[in-house]
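Since every read-out is calculated from the coordinates, none of them should be taken as a lab result. Just so it is clear, the structure is predicted and the values come from calculations on it, not from any experiment. Virtual Cβ from ideal backbone geometry, glycine too; neighbours counted across all protein chains shown.
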Amino acid sequence: MKVDPAMVVLLLLGVLLGGCGSQEISVSKSSPYYTGAALFLEHCSGCHTLAVVGAEGSATSIQNRVRTNGPNFNYRKENKEQVLYALRNGGFSGAIMPENIVVGEQAEAVANFLAAYSGREAQKVPSTTIKLSTK
C-alpha cells in the first residue's frame, strides 16, 4: 500500500496542533497549592479563567459572554473566606455555579490555591487612606 507523503504531513500537523492550548498546571507538584490547582482545573476551569492552570472558561468580550462564564481569576483577587463562601453557596448570586462543587478538604485546598494565585494580573491602582468621621 502506497502512503501519500502529503497525508502523512497533514496528520502529523494535526497531532502537533491538537496539543496547542491544552490545559496544564504550572504550579510545582511539590507546592502546597498543587492539589488545589488540580481540583480547580478539574471542577472550575469550564467556567473560570486562570492562567496558572491553563483554564480559559471566562468570556473574553461582552459579545461572546454566556450565563455560565464565571469571573476571570487572573484579574479578580479572592481571599480564602470568599472562595469558601462561593463554593458552599453556588457563587455569590446562587444563579449558575453549583453549590458544594467541592467540599471539605478539597474546598479548603481550592480556597487556599485561589487566595494565593488569583488576581496576579490585576491592575495595581494607587490608594489613599480615608479617615472616617466618628461623629
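A few comments on the model shown:
- Partner lysines for K29 [C-alpha distance under 30 Å; skip if fewer than 8 residues away on the same chain]: K77, K80, K124
- Calculated FRET efficiency for the pair S93/S30, C-beta based, R₀ 41 Å, to 0.05: 0.65
- Shape call, region 84-131: gyration tensor on alpha carbons, a/c limit 1.5: prolate
- Ranked by the mean number of other Cβ atoms within 10 Å of their residues, highest first, the peptides 123-131, 39-47, 76-84 come out as 39-47, 76-84, 123-131.
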